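Everything on this sheet refers to the single structure shown next.
The values are calculated or read from the model by the stated rules, or taken from the named source; none is laboratory data. As the structure is a prediction and not an experimental result, all values here were calculated from the model. For neighbour counting, all protein chains shown are included, and Cβ atoms are generated from backbone atoms with ideal geometry for every residue, glycine included.
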Amino acid sequence: MRILLANKFYYRRGGDCIYTMNLEKLLKAKGHEVAVYAMQYPENEQSEWSRYWPANMTGLRAVVRPFGVRQVVRGFSRLIDDFRPDVVHLNNIHSQLSPVIAEIAHSKGVRVVWTLHDSKLVCPCYTCSRKIGGKLTWCTECFTDKTAVIRHRCMHGSLPGSVVGYLEARKWTRERLERCTDVFLPPSQFMKDTCVAGGYTAEKFSVLCNFIDVAKIPPFEDMPKGDYCVYLGRVNEVKGVPTLCKAAARLGKRLIVIGGGEMLPQLKQEYAGCADIEFLGQMNWDDFMPIVRKARFMVLPAEWSENNPLTVIESQSLGTPVLGARIGGIPELIEEGVSGMTFTSGDVDDLAAKISAMWNYSFDYRAIALNAVERYSSEAYYDKLMRYYRGEE
């Protein structure tokens, strides 16, 4: 089968990018021909398909690109004609690439499958959340009134950006996107429910949880867990890292923070005198894997509605339980008292209490690892995905 994968970026920037690149590797290993469509970007990995990609979105491009510009239309059409895919598998494409590529593929008779990494289909600012009284709060106003994105300046507080977000939502309507997409594949029931609540047709959606390349997971070994917990991900406000640091400092429990982000310098300075919190910055898999593997548990303190976070899947596959915020799709991945625990998102008191509970709880680490590897294996995922590619489900 010939499969064309599309995603904004082609480097390991976030969950959507990691998923796309892992899927490319999996499909090639299964003997399929795979092409990639992304945006030119300095950090991108090398690709034989980059000659088809549009330029980096800077300046005026940031205003016009979300609506489907000539450079995208020409480049993607040429790639479709040259590669002749059986399936176009979309990922995170809004703004930098735009859903015009879904329409192009559909118009050429190519099956379109779309994995949803966020709630952009129903929320112009991707997150279904906005700050109310200084607190990030779940918001569904745009489900019925897209002007809310302008009224609340949801696009990073910018009025011009919010106007662009509004116009983008007005152009790429539910009817238009459903017409050119054969099946949407949200990785969580939460994301499906969110899109359906926003007006989409339930029958167009099938939940397909993310996968992990089990080949990179070392065989489980019984080993003493370290005297620390770990956070893995972007270091910013919506990920709940400030709340986590407050809880850890209060308890005097050792916390290792792995990841980069806009709040990293601020938090490093704020907790410079706290011996219990260590910031390691951005790390690759080979470097952070042993740290996560030996941690007592991983904490995911999200304060916005995470979809299907890969960090939970990775941690559990290594035999490390997860303490996750009770928000978005996170609770779907955690069996309470078996593979981890959950706490009230944004509540530093509940988080501190659950950190203490996790610290003293006896988990079956071997069972966590074996169950996760079976549940999230690339083999199981591949079998299900191929049925969607072939239109059998």
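Taking the condition within 24 Å of the chain's Cα centre (by Cα), not aromatic (F, W, Y) and not in a helix (DSSP H, G or I), does M223 pass? Please lay out each step first, then the result.
Working: within 24 Å of the chain's Cα centre (by Cα): no; not aromatic (F, W, Y): yes; not in a helix (DSSP H, G or I): yes.
Taking the combined requirement at face value, the residue does not satisfy it.
Which condition number does I101 fail, the rest of (1) closer than 26 Å to L208 by Cα; (2) modelled with pLDDT under 95 being met?
(2)
Each row is one residue, and each column tells you yes or no for (1) of a type outside the set (F, W, Y); (2) surrounded by fewer than 22 Cβ atoms within 10 Å (Cβ to Cβ); (3) in contact with an Asp or Glu (Cβ under 9 Å, 6 or more places away or on another chain).
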site: L244; (1), (2), (3): yes, no, no
site: A247; (1), (2), (3): yes, no, yes
site: G260; (1), (2), (3): yes, yes, no
site: Q266; (1), (2), (3): yes, yes, no
site: C274; (1), (2), (3): yes, yes, no
site: F279; (1), (2), (3): no, yes, no
site: R296; (1), (2), (3): yes, no, yes
site: N308; (1), (2), (3): yes, no, yes
site: V312; (1), (2), (3): yes, no, yes
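Going by the structure shown, is T344 in the same structural domain as E262 (by TED's automatic domain parsing), over 20 Å from I256 (Cα atoms), modelled with pLDDT of 95 or more and of a type in the set (S, T, N, Q)?
In short, yes.
Looking only at the stretch 361-368, decide whether some residue is of a type in the set (D, E, K, R) and over 23 Å from T243 (Cβ atoms).
yes
Could you check the stretch 12-37 and list, in sequence order, the residues that are at pLDDT below 95 and outside any helix (DSSP H, G or I)?
R12, R13, G14
In the stretch 1-44, which residues are more than 20 Å from W114 (Cβ to Cβ) and either in the same structural domain as Q282 (by TED's automatic domain parsing) or among the small types (G, A, S) (or both)?
Across the stretch 1-44, the qualifying residues are A29, G31.
Identify all residues within the stretch 21-72 that are over 21 Å from the mean Cα position of the chain (by Cα), of a type in the set (D, E) and surrounded by fewer than 13 Cβ atoms within 10 Å (Cβ to Cβ); write none if there are none.
E48
Can you tell me which residues in the stretch 188-240 are closer than 14 Å to N307 by Cα, outside the structural domain of L264 (by TED's automatic domain parsing) and surrounded by fewer than 17 Cβ atoms within 10 Å (Cβ to Cβ)?
Matches in the stretch 188-240: Q189, D193.
Name every residue in the stretch 95-147 that is under 22 Å from the mean Cα position of the chain (by Cα), farther than 16 Å from S305 by Cα and part of a loop (DSSP other than H, G, I, E, B), in order of residue number.
Those that are under 22 Å from the mean Cα position of the chain (by Cα), farther than 16 Å from S305 by Cα and part of a loop (DSSP other than H, G, I, E, B): S95, Q96, L97, S98, P99.
Restricting attention to the stretch 362-393, which residues are over 25 Å from the mean Cα position of the chain (by Cα) and in a helix (DSSP H, G or I)?
Y365, R366, A367, listed by residue number.
Step by step: first the residues of the stretch 352-377, then only those that are in contact with a strand residue (DSSP E or B) (Cβ under 7 Å, 6 or more places away or on another chain) and surrounded by 15 or more Cβ atoms within 10 Å (Cβ to Cβ), then the one that is farthest from P218 (Cα to Cα). Which residue is that?
In this case the residue turns out to be K354.
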